[in-house]
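What follows is a single structure, written as structure tokens, with notes after it.
The values are calculated or read from the model by the stated rules, or taken from the named source; none is laboratory data. Remember, predicted model here, so these are calculated numbers, not experimental data. A quick note on method: Cβ atoms are made from the backbone with ideal geometry, for glycine too, and the neighbour counts reach across all protein chains shown.
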Amino acid sequence: MRVAIPPNGRGPLERREARLAWSLLLPTITIVSLVVVLPLLAIFWISFKPIGLADLRPPAPVLRESLRGSGDEMRIEYRLRNSSQDTEITEVTIRDVWPESLIVTGDLPAGCTLDGRAFACDLGTLEPGYNERLRVPVMLADGAEEDAAEEAAEGSTPIVRGEAESILTNAEFTVENFARVFDGDAFWTVMWVTIFYTVFGTVGALLFGLFAAMLLNKSFRGQGILRGLYLFPYVAPVIAVAFTWVNLFDPFSGSANALLLQMGVTSEAINFFGQRPLALIMVTVFEIWRYFPLSFLFILARMQSIDTDMYEAADMDGASPFQKFWYLSLPMLLGILSVLFLLRFIWTFNKFDDIFLLTGGNAGTRTLTVNVYEQAFAISNIGAGAAVAVVIFGCLLAFSFFFFRFISREEGL
Amino acid sequence: MRVLRFGYVTGPLIGALWLFILATTVSITLSFATGDAFRPALIISLIVGAASGVVAALAHDRKIRIAMIAAPVFMLTLIGLGPMVMESTATSESIAAVLLALVIGWSMVAIMEDVPMGPLTRHEMEEAWIRFLTGFGYIFFTAIVLIPFYVMVMTSLKSQSALLQNPLDFSLDLDKGWALFRSYHELFRDFNFGTYMWTSFYVSVLTVFITLAFSIPGAYAVARLRFRGQKAFSRSILLIYMVPMIVLALPIYIAFSVTGLRNTVLGIVMIYPVTTIPVALYMLQGYFRGLPPEVEEAGLMDGLNRLQVIWKITLPLALPALASVSLYVFMIAWNEFLLAFMLLDDPSKFTLTRGVAMLNSSEIPREHLMAGAVIATVPVMVLFLGLEKFMTKGLTAGSVKG
């Protein structure tokens, strides 16, 4: 008798399912890797390049054609220049078509030929910073008018070509970007600001969210309205609320200062977003204000799914409200609280818009993400910006390691 | 903590804190409403509050207790020795006094409900404090949420010079009629805000459709089909979800500069869905997992193939989830600022958020900036409030299972 054994390997059905799965996933994988994975690789590449904002446009020959002078002195002038001050351009060629109303009277510049009406030059290599004029003496053909000839000559745009090494693709590498990023105290200041912002922003948003969720975890008239209202800060566009805060806390025309002055809390206007360390605290408060709704929403959802039997049993045993919260609710909420903590921690770490809009990274509020922008666009050093981005990505990998170790237990992912 | 277990300790303590909170609240409310000076008097409100806490714990009838608290607070406030100091017109001063007296009388008695003067049980003590904290919580959260939005709307309706004179005076001159909305009118007339709004709208809608087209098949495959690497895939979705936009924005900026996609709406439409696809994938796969597989298996048995099952069974069942994902994606695209800011320089192609950012200059008066903020906020708020149920369900059900 044959013994029934389970099939090993994958059956045809299973293989068909896997094929379908991959074909369903393919478009997503393609687009995500194009726009996420590729840029990430690019960031690594760029972070080792000495590249500034101005180097983004590859060096190119720039040409302007004009018809100068009149009568015997008439000439066609090509003004040719190398757009880069430090890179040479090779194999430079010019192609142009001349109008019939002009006749060449003198010598053509070296390397140039005229075949019928087609004018061509092979100029070879342009030195860095090359800026010269090529002149061709001409005269008007019989019956041609000067203005019309000028228009015709300048009307046909000359085509200029040249090969240049782009700094983006050549094999020149440097570690100077990283040296600059890790340079001395500046880096640790940025790091410390980032940690402060992330830790307090996350914990604050969680605590306020928990408080708000406890307030709304009972049914009363107006509960729905309040719940909608408390989500406002999260739903509104960041740009609208950030500018409102800047307006509200303005040292000269801000209502908050007026209110504090009037109540006698302070005797002179406070520059909330302009002085250390208050600016950092304010930015963190804004983060808490904007994201407590998110924690509140998740915690409330979890609270409403807790079984009420447990509380009834606790009531029978004579547990007081605080005891019920401490010994029953909190342990039930621990899972969602820790997941939220990890997620919010990472997102707060990644936050850029808020600080950028509130202070622009000034007054001691420059976090790592703002530093990317600052280096790349304010100082125009794309390489250094990319190096900071690489540091961020490294931190992120470390976080997600923790996250997955933890969340696999919590969420079964 | 033991000391708190007596009515004559808990009562005055709660009363003192509560009256101070209420006096502050009423002062701030009326300051914002009238622009005149209202402020809480710390010492007096603590003393009067403590007294009213004691009164509330007395064994009288409810109405008598309310009257015994409200009347003295009202009188004291009016003669200027109360928990609130005011310099305003007689009308608003008396409104303030009545408001404060009524609210403190009613709420104090409600907080001290069933709390006797003498020794308290642990329950009685804790419940009184919880009622106090709840009241405080409602006031606190409502205030911090409402004040910025109130300031935003009101600033947009007032002139900058008026606000510089008294930053607290948000009272509107209703005689002006439609002229109140001057800054809105100018934004639409001189600053092209109509175009920006339309750009934002169609970019967001396109983003929603593109996102759904990519994420529905992807999420279904991850949630339902068995294949090698499934687990790794659902993790990498989360991982991508966590890559900060600023890190990607730099190479995208470079790539778009080189290819000439910068400063085009096409570039924006291409890049927005990629920021939302991971979110949508994550939310949708959570929802698909929650659908009963039996229904789909029944469909398979009846001779449908997988794609037909998705189209005819899963999608109709997932309609609520699709609605909330669409809403969420729309919201993200509408509110998106960073990419629009970096990639768009040409004022004729701005999205709304980029247009508002343009208004942030010293040459443009504040009310225009705030009017722009209101214009950007209102559509997404209307959408959100109208469909709040969907939104909250989708957010919580998909992202983190609870």
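Looking at segment A:237-251, which of its residues are of a type outside the set (Val, Ile, Thr) and either in contact with a Leu (Cβ under 7 Å, 6 or more places away or on another chain) or more than 7 Å from chain B (Cβ to nearest Cβ) (or both)? Let's see the steps before the verdict.
Pass one, segment A:237-251, residues of a type outside the set (Val, Ile, Thr): A:237, A:240, A:242-243, A:245, A:247-251.
Across segment A:237-251, the qualifying residues are A:Ala242, A:Phe243, A:Trp245, A:Phe249, A:Asp250, A:Pro251.
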For segment A:311-338, pairs from a residue that is in contact (Cβ under 8 Å) with a residue 24 or more places away in the chain to a residue that is surrounded by fewer than 17 Cβ atoms within 10 Å (Cβ to Cβ) and not hydroxyl-bearing (Ser, Thr, Tyr), with Cβ under 6 Å and 6 or more apart or across chains, are A:Met332/A:Ile306; A:Gly335/A:Glu410
Unique residue being touching a strand residue (DSSP E or B) at 6+ places or on another chain (Cβ under 6 Å) and at pLDDT below 85 when the list is B:Val85, B:Val115: B:Val85
Subset of segment A:88-103 that is surrounded by fewer than 20 Cβ atoms within 10 Å (Cβ to Cβ) and more than 16 Å from A:Leu114 (Cβ to Cβ) - its residue that is farthest from the chain's Cα centre (by Cα): A:Glu91
A:Arg227 versus (1) in contact (Cβ under 8 Å) with a residue 12 or more places away in the chain; (2) charged (D, E, K, R); (3) more than 12 Å from every other protein chain (Cβ to nearest Cβ): which is the lone unmet condition? (3)
Of the conditions (1) under 28 Å from the mean Cα position of the chain (by Cα); (2) at pLDDT 90 or above, A:Tyr230 fails just one. Which one is it? (1)
Restricted to segment B:343-389, and to residues that are touching a residue at least 12 places away in the same chain (Cβ under 8 Å) and in a loop (DSSP other than H, G, I, E, B), which residue is farthest from the other protein chains (Cβ to nearest Cβ)? B:Asp346
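Quick check, is A:Pro277 surrounded by fewer than 19 Cβ atoms within 10 Å (Cβ to Cβ) and in contact (Cβ under 8 Å) with a residue 40 or more places away in the chain?
So A:Pro277 fits the description; yes.
Residues that are within 30 Å of A:Phe325 (Cα to Cα), at least 3 per element: which helices (runs of 4 or more DSSP H) completely within segment A:139-219 meet that? Lay out the reasoning, then the answer.
On the way: elements: A:146-155, A:176-181, A:184-216.
Output list reads A:184-216.
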Need the failing condition index for A:Leu259 against (1) within 10 Å of chain B (Cβ to nearest Cβ); (2) exposed (fewer than 15 other Cβ atoms within 10 Å of the Cβ), just the number. (2)
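Looking at A:Phe196, A:Phe187, A:Phe173 in this structure, which one is under 30 Å from A:Cys395 (Cα atoms), hydrophobic (A, V, I, L, M, F, W, C) and touching a Ser or Thr at 6+ places or on another chain (Cβ under 8 Å)?
Details: A:Phe187 fails: touching a Ser or Thr at 6+ places or on another chain (Cβ under 8 Å); A:Phe173 fails: touching a Ser or Thr at 6+ places or on another chain (Cβ under 8 Å).
Result: A:Phe196 is the single residue among A:Phe196, A:Phe187, A:Phe173 that is under 30 Å from A:Cys395 (Cα atoms), hydrophobic (A, V, I, L, M, F, W, C) and touching a Ser or Thr at 6+ places or on another chain (Cβ under 8 Å).
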Please report, ordered by residue number, the helices (runs of 4 or more DSSP H) entirely within segment A:318-413 with at least 1 residues that are farther than 28 Å from A:Trp245 by Cα. A:321-324, A:330-350, A:382-411
Which of the residues belonging to segment B:8-29 are more than 29 Å from B:Leu168 (Cα to Cα) and surrounded by fewer than 23 Cβ atoms within 10 Å (Cβ to Cβ)? B:Tyr8, B:Val9, B:Pro12, B:Leu13
Among the residues of segment A:29-39, write down those that are surrounded by 18 or more Cβ atoms within 10 Å (Cβ to Cβ) and modelled with pLDDT of 85 or more. A:Pro39
Hits in segment A:320-357 (condition: among the β-branched types (Val, Ile, Thr) and at the interface with chain B (Cβ under 9 Å from one of its Cβ atoms)): A:Ile336, A:Val339, A:Ile346
Test set (1) closer than 22 Å to A:Phe173 by Cα; (2) small (Gly, Ala, Ser); (3) surrounded by 14 or more Cβ atoms within 10 Å (Cβ to Cβ); (4) within 12 Å of chain B (Cβ to nearest Cβ) - A:Ala54 fails condition number: (3)
State which residue is surrounded by the fewest Cβ atoms within 10 Å (Cβ to Cβ) when the search covers only segment B:339-395 and only residues that are closer than 20 Å to A:Phe249 by Cα and of a type in the set (Asp, Glu). B:Glu363
If you take the residues in segment B:161-182 that are under 26 Å from the mean Cα position of the chain (by Cα) and outside any helix (DSSP H, G or I), which one is surrounded by the most Cβ atoms within 10 Å (Cβ to Cβ)? B:Pro167
Looking at (1) within 14 Å of B:Ser107 (Cα to Cα); (2) away from every other protein chain (no Cβ under 14 Å), find the lone condition where B:Phe20 falls short. (2)
Just checking, how many residues over segment B:322-359 are farther than 17 Å from B:Val265 by Cβ and hydroxyl-bearing (Ser, Thr, Tyr)? 3
Test: A:Thr369 is among the β-branched types (Val, Ile, Thr), buried (at least 19 other Cβ atoms within 10 Å of the Cβ) and within 15 Å of the chain's Cα centre (by Cα): yes
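Here's the yes/no breakdown for (1) among the aromatic types (Phe, Trp, Tyr); (2) within 14 Å of chain B (Cβ to nearest Cβ); (3) touching a residue at least 24 places away in the same chain (Cβ under 8 Å); (4) farther than 30 Å from A:Ala149 by Cβ:
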| site | (1), (2), (3), (4) |
| --- | --- |
| A:Thr28 | no, yes, no, yes |
| A:Leu63 | no, no, yes, no |
| A:Met74 | no, no, yes, no |
| A:Asp86 | no, no, yes, yes |
| A:Thr113 | no, no, no, no |
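Please tell me if A:Phe393 is facing chain B (nearest Cβ under 8 Å) and out of contact with any Phe, Trp or Tyr (no Cβ under 8 Å at 6 or more places or on another chain).
Answer is yes for this residue.
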Hey, does segment A:362-385 have a residue that's farther than 25 Å from B:Ile252 by Cα, in contact with a Gly (Cβ under 9 Å, 6 or more places away or on another chain) and touching a residue at least 12 places away in the same chain (Cβ under 8 Å)? yes
